[in-house]
1. Simple spin-label model, 7 Å along Cα-to-Cβ: C:Ser172 to D:Asp105 in nm?
2. Cβ under 12 Å from C:Gly40's Cβ, C:Gly40 left aside: what net charge do those residues give with Lys, Arg +1 and Asp, Glu -1?
3. May I ask which of C:Lys132/D:Lys132; C:Lys14/C:Lys252; B:Lys14/B:Lys86; B:Lys231/B:Lys276; C:Lys153/D:Lys271; A:Lys256/A:Lys276 have a Cα-Cα span longer than 19 Å here?
4. Apply 1/(1 + (r/R0)^6) to the Cβ-Cβ distance of C:Lys14 and C:Glu82, taking R0 = 25 Å, and write down the FRET efficiency to the nearest 0.05.
5. Based solely on its DSSP helices, what 222 nm [θ] is calculated for chain B when runs of n ≥ 4 H residues each add -39,500 (n - 2.57) and the sum is averaged over all residues, nearest 500 deg cm²/dmol?
6. So for the range D:50-172, what are the equivalent ellipsoid semi-axes in whole Å, largest first, each being the square root of 5 times an eigenvalue of the Cα gyration tensor?
7. What distance in nm lies between label points placed 7 Å from Cα along the C-beta direction at C:Glu21 and D:Lys142?
8. Using the alpha-carbon centroid of each, what span in Å lies between the range D:212-285 and the range B:30-97?
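The values are calculated or read from the model by the stated rules, or taken from the named source; none is laboratory data. As the structure is a prediction and not an experimental result, all values here were calculated from the model. Neighbour counts run over all protein chains shown; Cβ positions are idealised from the backbone, glycine included. The area values use the complete protein model at the heavy-atom level, side chains included, leaving out ligands, DNA and RNA. Shrake-Rupley method; radii C 1.70, N 1.55, O 1.52, S 1.80 Å.
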Number of protein chains: 4
Amino acid sequence: MVTPLLDEERLDVKGLNNLIEHLISGGVHGLFILGTTGEGPSLNDSLRIDLIEKVCEIVEGRIPVLVGLMDSSFKESVLLAEQATKLGAQAVVIAPPCFFQIGQDELYHFVDQLIDEITLPVYLYNNPALTKVSFALESAQKLLQKDKVKGIKDSSGDMIFYQNLASYTEASETSLFIGPEELLMESLLVGGEGGIPGGANIFPQLYVDLYSAGKSGDWQQAQELQKKVMKLSNTVYQGEGYGAGRVINGIKSTLKHLGVCNDYIAKPLRKAGLNKVKQIQQWVN
Amino acid sequence: MVTPLLDEERLDVKGLNNLIEHLISGGVHGLFILGTTGEGPSLNDSLRIDLIEKVCEIVEGRIPVLVGLMDSSFKESVLLAEQATKLGAQAVVIAPPCFFQIGQDELYHFVDQLIDEITLPVYLYNNPALTKVSFALESAQKLLQKDKVKGIKDSSGDMIFYQNLASYTEASETSLFIGPEELLMESLLVGGEGGIPGGANIFPQLYVDLYSAGKSGDWQQAQELQKKVMKLSNTVYQGEGYGAGRVINGIKSTLKHLGVCNDYIAKPLRKAGLNKVKQIQQWVN
Amino acid sequence: MVTPLLDEERLDVKGLNNLIEHLISGGVHGLFILGTTGEGPSLNDSLRIDLIEKVCEIVEGRIPVLVGLMDSSFKESVLLAEQATKLGAQAVVIAPPCFFQIGQDELYHFVDQLIDEITLPVYLYNNPALTKVSFALESAQKLLQKDKVKGIKDSSGDMIFYQNLASYTEASETSLFIGPEELLMESLLVGGEGGIPGGANIFPQLYVDLYSAGKSGDWQQAQELQKKVMKLSNTVYQGEGYGAGRVINGIKSTLKHLGVCNDYIAKPLRKAGLNKVKQIQQWVN
Amino acid sequence: MVTPLLDEERLDVKGLNNLIEHLISGGVHGLFILGTTGEGPSLNDSLRIDLIEKVCEIVEGRIPVLVGLMDSSFKESVLLAEQATKLGAQAVVIAPPCFFQIGQDELYHFVDQLIDEITLPVYLYNNPALTKVSFALESAQKLLQKDKVKGIKDSSGDMIFYQNLASYTEASETSLFIGPEELLMESLLVGGEGGIPGGANIFPQLYVDLYSAGKSGDWQQAQELQKKVMKLSNTVYQGEGYGAGRVINGIKSTLKHLGVCNDYIAKPLRKAGLNKVKQIQQWVN
């Protein structure tokens, strides 16, 4: 879920209400806040806490709320997890710390010890393009064996790695989610449990339907819906910017055009430019 | 300057006192705290503020104190800069935000607007291996033209880029510092102003002497001292770990052996292993 | 197809006969020789010509023979294509030249002008990990519009790029093949035409069956076969070596164990070590 | 030395004569042909042999001629070395094979065995940006211990690695050369033996003078000359193209403007565009 903002330090509370109702009525099965698309690392501590509080209030337990722990500081992540627990979130999602270059040894110990300090259920989050380290298959499996750990989201885009993860999560009682929505159909075919697609901010039902088609083995239907997902990706996620920044400004720009929420984006990312906004508007209309 | 720690959330205050007196009596011209070697991104907010306060108290204005702003959040960096001002630091050092992949456009605007929110003098800090973006020559020059900006530290290791930077900083009234101490002699030959070497935590006078030799054109003396710097690098900065983590655990391990301060290192980094500690002890003794 | 060798400069002709009959009786629809798995860039000119000649003789037109043009020299590629034409091959496969770092402009002109010098039908071959440049979607589409160009093999492993290619090749009269066999099932689901799997050297029928299952929409059958492909990959393609080298030595080692052909591998690659050979033997038996 | 060409398959013999006389009268101590700047990997076999023959004829033993072995095929490199011996070259220069991704083990064995098949003295050539593998310090040292091996050229641009190499070559009887001319002055300060600068094609005396200044310890003179080298680099090596291609088309364009030789550049590289040609002409005049 994107974080609707008025400026660098204030939530767009009205937009947040709209967005959450839009998502729930679209049928999504849970909310992941303060992740990459949620600009978690760009928001300051008090804003993060404010967001968790408001989201939990609005959701009122209708679907689970998962809170991203993406700070470069171990202690800050512990503090945020404590707030998430207190404010009523259902789980946390742990990404590797993004600053230092680390190996599997450092990664494993960081995550393992962070889990020990947390009371909520935990999901892992693999995003090597941004954190500079990828969970090795062995590290992921060892961490997934811990009672508190319920699953893993993989945004590596490496579908060979994903299949190897899937053969483990299928055999154990854990869940595997795909990051990039362009790979959602494929991920379901190879044994993934579901996805955490940014585009669901815009058209939640499209992604829920694609999920359901894949889960029920209706691959012809899935192929049709997947083409729509690719069309969205090739329209909304292109243009100025890089990687995740280009995805987020596209989603926020589209949501503003649809009247859902404001399109302010926290620094260092920048709003979609005029050309991109025009392309998005032509495509939506 | 490394950050002497007792554990994840407490400073080693006695060690901090020792270290600062060790550095000042070794002749260093200033202290850069909360940088990469200072594990800035691994420390939580209150610990960062605690460190700034204690350092400023101990230094008592004898040399300038520079504070690193390395958070992934713009607003957190503004808040830390305000604390640095209040607590008596002399300057801040701005690194690009480390999480999102960004281009020059995003980088320039982030730093430019951060500078506008800060009252202290500013230095830039280029460290592309850790922040995933390098200041382009044009971006650096444009930012160096701002009144508040006094110079730039380059840890890219790219000595062609460094020479191009030097030809600009020599012509303007700004300073250019080298990050990796293994390049300190060369950097002085091509027009750099000085260095911010991690090894100076251990043997401050060695680096001060090398700096003075280069500045006075005594390159024969510089060559001899540089060989000692390389020896330290090949002993202390090798072994377990990656990149900066391997440097920091080597420095802390040596400082502990020398009785200066504790060797606790914040997560995700890990202490030097036994083999490395032995190698360091043999070399120091 | 791997290239059975006795040593650095001689073909294993008996093994070559065995291998080709093994492949044809396994049902493969064509042979790609002198590609990456065929160690094309490691073989000298006369050996390359010798191989084309022998393969065409043995195959006797039963299935098409495609010849890889992977030299760093434009002129050498022209000369090899002339030999392929003369000796009876059905098509050539063009990879970007592997030495210099080039952009889309250089890539497009190199391939475009090479096509103009060739009389045989042409396939493109995208393998950025080895050639240091990836066909941009626009470059690929422009080249696929040329009459002589019949299709493209993509070994990038980037399944988002692959879907975008597929939406173009499906609409035009061109073919899209997947390189990494671990992605074969997925590639068929998103609109690919087929695959060029290295593992088919070992068990050709497995890959033909997987292809047929995907083409006929029997995804349950495809999922079962794909799991076998992953098992082969996780056994044969692991161990000593890097990337393609690790794949090739695994295939050659297995083929030797099965009595198909010799396992000599041209420099710089190296034979599978004892541990790997043992693991392979246990798995095959 | 660049390779003057009329087109993809013919030498510019008149230009070659001019260039060699220009270089010898400029004081260079040797010629490295068929290297990266010599477009070795882009030229076909017969053209390579033609070049060696003509160069040896023109030079007539006045300075040593070193021949690059940069083919992806071991056997082709052996054959080229035999020709170089027969035609009167003084040494060969071995680069890692550029196609496959390899580790130190494969690299060491490839080079070690290639040396065994060669009768001429050998230099190593480290160019990881193009060959995708860098000689580890240990591999380089082990190979430099072989009798035939006289030295190493390092184009990695990594000046920390270079210093470690220098401490070995200074202690043994081997030579260390720097690739990128922008690092020539620094390389001499840290113990390098000399350089193989592409810009010496244009102004050989500038580089000879810089070399002499460094060797005699006249660093003030060296600093002045180094600034001219940087000026050339920032004029001639910028603009269209990437990496080495951008350097080579700049050199060839300048040589054409100076009336030395033709500016044809073998595919996949492309001639300097009009803007770049204009900038070069303004700077030379």
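1. 4.3 nm
2. Charge balance near C:Gly40 sits at -3.
3. Table pairs above 19 Å Cα-Cα are B:Lys14/B:Lys86; C:Lys153/D:Lys271.
4. Result of the calculation: an efficiency of 0.30.
5. Mean residue ellipticity, 222 nm, calculated: -15500 deg cm²/dmol.
6. Over the Cα atoms of the range D:50-172, the semi-axes work out to 24, 17, 13 Å.
7. Label-label distance for C:Glu21 and D:Lys142, simple model: 4.2 nm.
8. 44 Å
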